[in-house]
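All remarks here apply to the structure that follows.
The values are calculated or read from the model by the stated rules, or taken from the named source; none is laboratory data. Only a predicted model underlies this, so the values are computations on that prediction, with no experimental measurement involved. Don't worry about glycine lacking a Cβ; one is built from the backbone with ideal geometry, like all the others, and counts go over all protein chains shown. Accessible surface areas use protein heavy atoms only, side chains included; no ligands, DNA or RNA. Shrake-Rupley method; radii C 1.70, N 1.55, O 1.52, S 1.80 Å.
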Amino acid sequence: MSVLVVDDEVPFAERLANGLAEHEFEVTVAYDGNTGLRLARDPRFDLVVLDLMLPGLSGVEVCRRLREDDIGTPVLVLTARDQEEDETEALNQGADDYLRKPFSFDVLLARCRALQRRGGRDGWGELVVGDLSLDPRRRCARRGPQVISLSRREAALLEYLMRAPGQVRCRHEILAHVWGDLEDPESNLVDVYVGYLRRKIDLPFGTSTLQTVRGQGYRVESGR
């Protein structure tokens, strides 16, 4: 997997690049927004890890221009900012995921691998299970003609399950791939979000697409 890291904190960027290289990633580093944008247009990259606060062009502007150019390479945004509006702006401009500094390197790896599985432009195709469909880029589901609005995490959870219909995913797998959180496998976060999803995609329609497999986890199948 070929990764472009764009961050103006040179020691941090180099540590990040070395860590990714140790896990068999091919890494190129840029230290400003203009260079990052130029390199990110190269189709050889499978992922862009992008800081928001950059000299030249900001990370948000880099992301916006990539999407304007119809470049679908996944973008994982890193930032020290902690305001919700920063995250919202980055996602609205086409970022695929968002990670606040400081973060665990294991979390970063999990997020990178999740985006790798999704792939680039081809990985954004509509997912369909029975009469339920999901547009991963717009984070919007449909049950037949009915549009269902989802939060970012709800959409990510549903996407992860719909990419392997019928396959049971345990809570630990879901935490790692949707939240990148490997620190508390006993967390009830997954169960809470499964409940949120059921109230949106199943209960109003009298169906059971999102199923619990007792003692194992969750799966998505055509509702009955």
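Things to note:
- Note on the range 53-99: dipole from Cβ charges, positive end direction compared against 93, 55, 75; the farthest Cα belongs to 55.
- Accessible area per residue in Å² at 1.4 Å probe, computed on the chain: 48
- Loop-resident sites, the range 1-92, for trypsin sites (Lys or Arg not before Pro), counting at most 11 other Cβ within 10 Å (DSSP): 44
- Selection from 39, 1, 149, by position along the positive dipole direction of the chain (Cβ): 149
- Rg followed by Dmax, in Å, when the range 1-114 is reduced to its Cα trace: 12.5, 34
- Surface share of carbon and sulfur [accessible, 1.4 angstrom probe, percent] for the chain: 45
- Between the residues 132, 194, 25, the greatest Cα displacement towards the positive end of the dipole of the chain, with unit charges on the Cβ of Lys, Arg, Asp and Glu, is found for 132.
- Were the residues from residue 140 through residue 196 laid out at 0.36 nm apart, the gain over their Cα-Cα distance would be 18.7 nm.
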